[in-house]
Amino acid sequence: MSTIEDPTDDRLEVTPPKTWATGLPAVTHAIQYSLGQTSVRRTALTLLNINQTKGFDCPGCAWPEPAAGQRHMNEYCENGAKHIADEATSRRVSADFFREHSIRELAQKSDYWLNQQGRLTEPMVKRPGSGHYEPIGWDDAIDLLAQELRRLESPDEALFYTSGRLPNEAAFLLQLFARAYGTNNLPDCSNMCHESSGVALQETLGIGKGSVGLDDIHHADLVFVVGQNPGTNHPRMLSALEETKRNGGHVVAVNPLPEAGLIRFKHPQKPRGLVGRGTPIADQFLQIRPGGDLALFQALNMLLLEAEDATPGTVLDHGFIEASTTGFAEFAEHARKVVWEDVLTATGLTREEIEEVHERVLRSESVIVCWAMGLTQHKHGVPTIREVVNFLMLRGNIGRPRAGVCPVRGHSNVQGDRTMGIWERMPQDFLDALGREFAFTPPARHGWDSVDSIRAMRDGRATFFLGVAGNFVRAAPDSEATEQAMRRCRLTAHISTKLNRSHTVCGETALILPTLGRSDKDIQAGGEQFVTVEDSMSEVHASRGRLEPASGTLLSEVAIISRLARRTLGSTAPPIPWDEFEADYGTIRDRISRVVPGFEDFNERVAVPGGFRLPNPVNHGTFPTTSGKAVFTCNTFEMLRPQKGHLVLQSLRSHDQWNTVPYAMNDRYRGIHNARRIVLVNPVDLDALGLADRDHVDLVSVWRDGVERRARDFRLVAYPTAPGSAAAYYPETNVLVPLDSVADLSNTPTSKGIVIRLEPAVAGI
Ligand SMILES: Nc1nc2c(c(=O)[nH]1)N[C@H]1C(S)=C(S)[C@@H](COP(=O)(O)OP(=O)(O)OC[C@H]3O[C@@H](n4cnc5c(=O)[nH]c(N)nc54)[C@H](O)[C@@H]3O)O[C@H]1N2
Ligand SMILES: Nc1nc2c(c(=O)[nH]1)N[C@H]1C(S)=C(S)[C@@H](COP(=O)(O)OP(=O)(O)OC[C@H]3O[C@@H](n4cnc5c(=O)[nH]c(N)nc54)[C@H](O)[C@@H]3O)O[C@H]1N2
Ligand code: SF4
Ligand SMILES: [Mo]
């Protein structure tokens, strides 16, 4: 029996939210977590290698490292250290563990408990009708998968899900395999994450990526941080914002919550960060209502147009607008019609606050807007980001230094996976290049994204699910509907490092394929291998595992995918040298350099410490849109107007979790201890609802399909959220997000805009 406790929520303690992030306590917390997982030696080894040019890339977020030569010895944050400790843990899940615990029993366990069991060590199978996983050899496991794939009536019955943990080499092979097999069904975590950014940026600027680098952030006059909690989710971004401030720049934060990192920051790697009050980050904080950002940027745009009317030729960048954009006249006409009353209702802000931001914009020569899930996971996420682009273009803040768009990515290689072709809708020129290189015709029909994949499994149109490096059933919306859909599959399989709930929600046959993590040494027939990743600012660099692998039985992701492809496609397929790819990842990079633009001479360029930056045409004033120009758009905002007695719930991350995986029950910066089933509500709303701090409530989501979705027994915490809104953790609240409640155009679940009512919890259920 395991001694790991499964914490309950009965021990909730609340302390005042913190007004600063990082600093000495943060580093101590990281080391404590690591020592709870593994030995002093392994802790030291991981921490010495993380984010160093000869070590491995932090498997946490996609925030970039400083240039080679400018890195600290400890170039990581508290959370990066926790992510790596979680992977480097000395705990192991063996065949005995699965003999002791039935799948039904494991399905009752919490996400926390499952993760705490440690690293997966050998391939396991659940046979049809069985209630247990049992060991299976690698060859048999791969045969089982290959046989199932070969018997499907159409390749489109298969789904290949990935998260952004996958490095470039494995991602390239996975999409090559799926397409050579005959499908574009490559749903990924990005569908639930920054898809709205990709869609909006592709349409307006011609490339779905950010345009700024670290240096631009450091030297910008004004940086907006919108819908993002960097203190927890991109902690080293705070060092960059501190640099902005030291160089005389300003920061405006837009968020329904007064997040600690946005207020004050103590740099953990500098003596001045260990003592003293730290640097105040946000010069202005706008406590916006969830979903109000489109209205905010429309108001700012209207103010800019009016300022230009008042003093023509001094506000807008007419040179840029005329030479490089289309659609300005229609946009300007539309933008002038914005009604203040609507803006104030949608944002919950005052006109004075918005005018103060406008004054800052007028004083700033260079402006950057950074954002994350607070913008993308709303019904109107795409129009909101298009409006941000309008805002930047009005003053020419696109395509020049110290200015631009900065969607801050989540998973460490989520951007790279897209570049490598993990997308259900890759453009035809990519498919053509892939087909030319490997002498086959990739399927042209678009595949299913994450939400459509769930619908396809639900309706029996997809029966095979392979998940690589994620936890699909917990990441996806509408947990109950998603789990029912997964259980309808004939076969579900996961290439994973650690146990999670997706392993317990099985198709008729189910497989667990354990794999090496980022920090593990990877030795193949061709010698020791490294992999590559691309960060949020398009920097591509190498990552080398340094630790002894968690078990001698593990295969790398590249090896598993290569073997599966070879076995599935057999001799009928195009001649793809899967063995060679498995033996020497350099041969994969050679192919990438011939298929993916920007990767010419990949092997040579990635051998340079720190790697290289991919070109972004926007920074050269070239916009690869259909018209060849950047596009102004006309957007209308829809207000989230909950009925009386209802609140808008956003689901977010605590400080102690990595996506679907809680590391502990705390959210230190927000003052929450020993509990995750809590919901933050403004005290004024609590009074109006006749509820009190610490009451037990059920969260019930209200959606047009009339289905009752309920998350049971949460504790209320009085908290300074924007009035009318509430916040609670993901993935516990995913049960409330209706499958069909998605962002227009990007199909991203609306995880930040769920209308709920609170009902007193019934004791004993
Ligand atoms: N430690 C840690 N780091 C992570 C992750 C993790 O789980 N743990 N996950 C990684 C991943 S995959 C991602 S995508 C990123 C996510 O990074 P974030 O986007 O910072 O993550 P969330 O916790 O979802 O927080 C969203 C923020 O948006 C705010 N917000 C919500 N709704 C609105 C709105 O309508 N308008 C505005 N202006 N703000 C709003 C919330 O109050 C919150 O501060 O983090 C990455 N880094
Ligand atoms: N309600 C709500 N839902 C959300 C969100 C939200 O804000 N609110 N956010 C969404 C976002 S932004 C994202 S990105 C998704 C995240 O969704 P996912 O990316 O699917 O989930 P993760 O929790 O990151 O996956 C964790 C699992 O990855 C496996 N793993 C870790 N490292 C490795 C590795 O190196 N190799 C392999 N093969 N496996 C590994 C481990 O087994 C671990 O259990 O969730 C989305 N869902
Ligand atoms: S900021 Fe992100 S990438 Fe950097 S060390 Fe922290 S978690 Fe890792
Ligand atoms: Mo994400």
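Observations
- In segment 189-208, residue nearest to the chain's Cα centre (by Cα) [restricted to those that are away from ligand 1 (no atom under 16 Å from the Cβ) and assigned to a loop (DSSP other than H, G, I, E, B)]: Ile207
- In segment 79-89, the condition of being farther than 17 Å from Ser519 by Cα and out of contact with any Leu (no Cβ under 8 Å at 6 or more places or on another chain) is met by no residue.
- Within segment 88-128, the set of residues being modelled with pLDDT of 95 or more, within 23 Å of the chain's Cα centre (by Cα) and not in a loop (DSSP other than H, G, I, E, B) comprises Asp111, Tyr112, Trp113, Leu114, Asn115, Gln116, Arg119.
- Taking the criterion of being closer than 30 Å to Arg363 by Cα, part of a loop (DSSP other than H, G, I, E, B) and away from ligand 2 (no atom under 16 Å from the Cβ), the residues of segment 397-428 that qualify are Asn397, Ile398, Gly399, Arg400, Pro401, Arg402, Ala403.
- For segment 172-188, the criterion of being under 19 Å from the mean Cα position of the chain (by Cα), under 30 Å from Gly545 (Cβ atoms) and within 16 Å of ligand 3 (Cβ to nearest atom) is satisfied by no residue at all.
- Enumeration of residues in segment 661-686 that are assigned to a loop (DSSP other than H, G, I, E, B) and either of a type in the set (Asp, Glu) or buried (at least 23 other Cβ atoms within 10 Å of the Cβ) (or both): Arg676
- First in segment 716-733 and on the phi > 0 side of the Ramachandran plot, second anywhere and within 15 Å of ligand 2 (Cβ to nearest atom), Cβ under 9 Å, 6 or more apart: Gly724/Pro290; Gly724/Val648
- Any chance Pro268 is modelled with pLDDT of 90 or more and either near ligand 1 (Cβ under 9 Å from one of its atoms) or assigned to a loop (DSSP other than H, G, I, E, B) (or both): no
- Flag for Met486 being away from ligand 1 (no atom under 16 Å from the Cβ) and either touching a residue at least 40 places away in the same chain (Cβ under 8 Å) or in the same structural domain as Glu65 (by TED's automatic domain parsing) (or both): no
- Within segment 414-431, tally of residues that are more than 16 Å from ligand 3 (Cβ to nearest atom), buried (at least 23 other Cβ atoms within 10 Å of the Cβ) and aliphatic (A, V, I, L, M): 2
- Candidates Arg563, Arg546, filtered to the one that is of a type in the set (D, E, K, R) and within 27 Å of Ala146 (Cβ to Cβ): Arg563
- Scan of segment 498-521 for residues that are within 16 Å of ligand 1 (Cβ to nearest atom), polar (S, T, N, Q) and either over 21 Å from the mean Cα position of the chain (by Cα) or closer than 19 Å to Pro167 by Cα (or both), ordered by number: none
- Among the residues of segment 28-65, those that are on the phi < 0 side of the Ramachandran plot, under 21 Å from the mean Cα position of the chain (by Cα) and more than 16 Å from ligand 4 (Cβ to nearest atom) comprise Ile50, Phe56, Asp57, Pro64, Glu65.
- Taking the listed residues Gly129, Gly80, the one that is small (Gly, Ala, Ser) and on the phi > 0 side of the Ramachandran plot is Gly129, with no other qualifying.
- Count of residues meeting criterion [assigned to a helix (DSSP H, G or I) and either at pLDDT below 80 or farther than 30 Å from Ala718 by Cβ (or both)] in segment 15-36: 11
Each row is one residue, and each column tells you yes or no for (1) at pLDDT below 95; (2) within 28 Å of Thr121 (Cα to Cα).
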position: Ser538; (1), (2): no, no
position: Ser556; (1), (2): no, yes
position: Ala573; (1), (2): yes, no
position: Glu582; (1), (2): no, yes
position: Val595; (1), (2): no, no
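- Top-ranked residue of segment 349-388 - restricted to ones that are within 16 Å of ligand 3 (Cβ to nearest atom) and outside any loop (DSSP other than H, G, I, E, B), ranked as nearest to the chain's Cα centre (by Cα): Met373
- Any chance Ser211 is in contact (Cβ under 8 Å) with a residue 24 or more places away in the chain, assigned to a helix (DSSP H, G or I) and not charged (D, E, K, R): no
- Looking across segment 462-476, the residues that are touching a residue at least 40 places away in the same chain (Cβ under 8 Å) and not in a strand (DSSP E or B) come down to Ala462, Thr463, Ala469, Gly470, Asn471, Phe472, Arg474, Ala475, Ala476.
- Checking each residue in segment 37-67 for being loosely packed, with under 14 Cβ neighbours inside 10 Å and part of a loop (DSSP other than H, G, I, E, B) picks out Ser39, Lys54.
- Restricting segment 608-647 to residues that are exposed (fewer than 14 other Cβ atoms within 10 Å of the Cβ) and of a type in the set (D, E, K, R), the residue that is modelled with the highest pLDDT: Lys644
- Residue match in segment 282-297 (condition: surrounded by fewer than 19 Cβ atoms within 10 Å (Cβ to Cβ) and without any contact (Cβ under 8 Å) to a residue 24 or more places away in the chain): no
- Segment 450-463 - residue that is crowded, with 24+ Cβ neighbours inside 10 Å and not aliphatic (A, V, I, L, M) and, of those, nearest to ligand 2 (Cβ to nearest atom): Ser450
- Residue match in segment 250-258 (condition: closer than 28 Å to Phe623 by Cβ and either touching a Cys at 6+ places or on another chain (Cβ under 9 Å) or of a type in the set (S, T, N, Q) (or both)): no
- Residues that are within 16 Å of ligand 1 (Cβ to nearest atom) number at least 2 in the following strands (runs of 3 or more DSSP E) confined to segment 709-765: 725-729, 754-760.
- Of all residues in segment 132-169, exactly one satisfies the criterion of being among the basic types (Lys, Arg) and not in a helix (DSSP H, G or I), namely Arg165.
- Just one of the listed residues (Ser90, Ser110) is out of contact with any strand residue (DSSP E or B) (no Cβ under 6 Å at 6 or more places or on another chain), farther than 30 Å from Phe177 by Cβ and either within 15 Å of ligand 2 (Cβ to nearest atom) or of a type in the set (A, V, I, L, M) (or both), and it is Ser110.
- Residues located in segment 393-416, provided they are more than 17 Å from Ala372 (Cβ to Cβ) and in contact with a strand residue (DSSP E or B) (Cβ under 9 Å, 6 or more places away or on another chain): Met393, Arg395, Asn397, Ile398, Gly399, Arg402, Ala403, Gly416
The values are calculated or read from the model by the stated rules, or taken from the named source; none is laboratory data. Since the model is a prediction, treat every value here as computed from it, not as a measurement. Note: ideal-geometry Cβ built from the backbone for every residue, glycine included; neighbour counts use all protein chains shown.
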